[in-house]
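Engineer: Please see the structure below; I have some questions.
The values are calculated or read from the model by the stated rules, or taken from the named source; none is laboratory data. It should be emphasised that the depicted structure is a prediction, and the values quoted were computed from it without experimental measurement. Cβ sites come from the backbone with ideal geometry, for glycine too, and all protein chains shown count toward neighbours. Ligands, DNA and RNA are stripped out before the accessible areas are found, and what is left, the full protein with its side chains, is counted by its heavy atoms. Shrake-Rupley method; radii C 1.70, N 1.55, O 1.52, S 1.80 Å.
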Amino acid sequence: MSDLMETLRQEGISPDLLRAVEDYRAAHALPEALRPRIPASGFTYYGREVWEQALAALLCGENLLLAGGKATGKNVLAENLAAAFGRPAWDISFHVNMDAASLIGMDTFVDGAVTFRPGPVYRCAQCGGFGVLDEINMAKNEALAVLHAVLDFRRAIDVPGYERIPLAEETRFIATMNYGYAGTRELNEALTSRFAVIQMPTITEENLEKLLRAQFADLTDKYVHQFALLFLDLQKKCDSAEISTKALDLRGMLDALRLMRRGVAAGPALDMGITNKAFDSYEQGLIRDVIAARIPASLTAEKLFR
């Protein structure tokens, strides 16, 4: 957590906001049993303006909706925010068959007796956690209606047949959504109005290079620059509809670099991490052409890493 806060200071995040976050952590002590739920993300989100908007919103008691395209760092930022505030996180992945019971909880049998088994939203509310509502626009609006009282001024959960649960003061919800994925839909206006919305920008060349250096400290400066430009080249091809977004995979590029460190040549490694995620042979050829302009297929770890 201290490493993350130091990184935010180096990124130029407002000192007043960082002091307010530290005051928040000091004022809301966390039981030892919940500490393992504080995220320890392997990645840091880079982007000063987005960080400042998100910190300010959460300090004001708002819930956040992070909306944007692929590879904009929505889930990384959500995890980083929970870590920065020192709060336990519950990851709730939405899908088309999600229902209220999956969120709030349901009855179950324990030793022959009917017992309520709390769902992740219920536990988050009880423990003052940060609930990460991943791909919230995958679920049907009917299932999401149960969140209305949780997210607005009522800040409570009414469990049918049980008691009314007020949310702990520290509880926040951070939702993420992509546009245009199969199975996604428009969010209900009533639900959207309960969030402060941040439109996540595409990652810049400077921030890509910071990410690459943070993940691969021994990557040579030349190839830090070339891999950052490769990702931006793929992004341009996607924007112009020359290739699909399947190849715009930042996780895949980082995976490819790990494979190269293990001795796999650049060509096969980038095929595994990026190219082969497009299953059309013609599109694969276009992607390989983009890659070849930046990274030689025969490149090995000896030339790539110091």
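Engineer: Looking only at the range 38-51, count how many residues are surrounded by 18 or more Cβ atoms within 10 Å (Cβ to Cβ) and either in a helix (DSSP H, G or I) or modelled with pLDDT under 90 (or both). First the steps, then the outcome.
Structural biologist: First, pick out the residues of the range 38-51 that are surrounded by 18 or more Cβ atoms within 10 Å (Cβ to Cβ): 38-39, 44-47, 50-51.
Filter once more, so that each one left must be either in a helix (DSSP H, G or I) or modelled with pLDDT under 90 (or both): 50-51.
Here the count works out to 2.
Engineer: Let me ask something additional. Would you point out the residue of the range 275-286, among those that are open to solvent by 30 Å² or more (accessible area, probe 1.4 Å) and not in a helix (DSSP H, G or I), that is nearest to residue 213 (Cα to Cα)?
Structural biologist: 279
Engineer: Show the residue pairs that are 6+ apart or on different chains and have beta-carbon atoms under 8 Å apart, the first residue being within the range 116-140 and more than 19 Å from residue 58 (Cβ to Cβ), the second being open to solvent by 30 Å² or more (accessible area, probe 1.4 Å) and in a helix (DSSP H, G or I).
Structural biologist: The qualifying pairs are 118/126; 119/101; 119/102.
Engineer: Still on this structure: Please specify each residue of the range 158-203 satisfying the condition of being in contact with a Gly (Cβ under 9 Å, 6 or more places away or on another chain), under 30 Å from residue 29 (Cβ atoms) and of a type in the set (A, V, I, L, M, F, W, C).
Structural biologist: 159, 167, 168, 173, 174, 175, 198
Engineer: In this structure, is residue 113 more than 22 Å from the chain's Cα centre (by Cα) and either at pLDDT below 85 or surrounded by 13 or more Cβ atoms within 10 Å (Cβ to Cβ) (or both)?
Structural biologist: Details: more than 22 Å from the chain's Cα centre (by Cα): yes; either at pLDDT below 85 or surrounded by 13 or more Cβ atoms within 10 Å (Cβ to Cβ) (or both): yes.
So residue 113 fits the description; yes.
Engineer: Can you tell me which condition residue 197 does not meet? The list is (1) of a type outside the set (Lys, Arg); (2) surrounded by fewer than 20 Cβ atoms within 10 Å (Cβ to Cβ); (3) in a strand (DSSP E or B); (4) modelled with pLDDT under 90, and all the others hold.
Structural biologist: All conditions pass for residue 197, except number (4).
Engineer: Please work out which residue is farthest from residue 78 (Cα to Cα), limiting yourself to the range 160-194 and to residues that are among the aromatic types (Phe, Trp, Tyr) and open to solvent by 50 Å² or more (accessible area, probe 1.4 Å).
Structural biologist: That would be 162.
Residues are listed down the side, and each one gets a yes or a no for (1) free of Cβ contacts under 8 Å to residues at least 60 places away in the same chain; (2) closer than 16 Å to residue 46 by Cβ:
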residue	(1), (2)
200	no, yes
203	no, yes
210	no, yes
224	yes, yes
241	yes, no
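Engineer: For the range 233-264, what are the residues that are open to solvent by less than 30 Å² (accessible area, probe 1.4 Å) and not in a helix (DSSP H, G or I)?
Structural biologist: 243, 248, 249, listed by residue number.
Engineer: Continuing with this model, one more query. Check residue 272 against each of (1) open to solvent by 70 Å² or more (accessible area, probe 1.4 Å); (2) at pLDDT 95 or above; (3) of a type in the set (A, V, I, L, M); (4) farther than 23 Å from residue 75 by Cβ and name the one condition it does not meet.
Structural biologist: It is condition (4) that residue 272 fails.
Engineer: Looking at the range 207-232, which of its residues are surrounded by 14 or more Cβ atoms within 10 Å (Cβ to Cβ) and either of a type in the set (S, T, N, Q) or assigned to a loop (DSSP other than H, G, I, E, B) (or both)?
Structural biologist: Selection gives 207, 215, 216, 226.
Engineer: Another question, then. Could you list, in sequence order, the residues of the range 162-214 that are hydroxyl-bearing (Ser, Thr, Tyr) and under 30 Å from residue 105 (Cβ atoms)?
Structural biologist: If the condition is that a residue be hydroxyl-bearing (Ser, Thr, Tyr) and under 30 Å from residue 105 (Cβ atoms), then 162, 171, 176, 181, 184, 192, 193 are the ones that fit.
Engineer: Mind counting the residues in the range 20-32 that are assigned to a helix (DSSP H, G or I) and either open to solvent by less than 60 Å² (accessible area, probe 1.4 Å) or over 14 Å from residue 60 (Cα atoms) (or both)?
Structural biologist: Adding up the residues that qualify gives 8.
Engineer: Restricting the search to the range 55-68, which residues are farther than 17 Å from residue 129 by Cβ and either in contact with a Ser or Thr (Cβ under 7 Å, 6 or more places away or on another chain) or open to solvent by less than 10 Å² (accessible area, probe 1.4 Å) (or both)?
Structural biologist: 55, 65, 66, 67, 68 - these are the residues of the range 55-68 that are farther than 17 Å from residue 129 by Cβ and either in contact with a Ser or Thr (Cβ under 7 Å, 6 or more places away or on another chain) or open to solvent by less than 10 Å² (accessible area, probe 1.4 Å) (or both).
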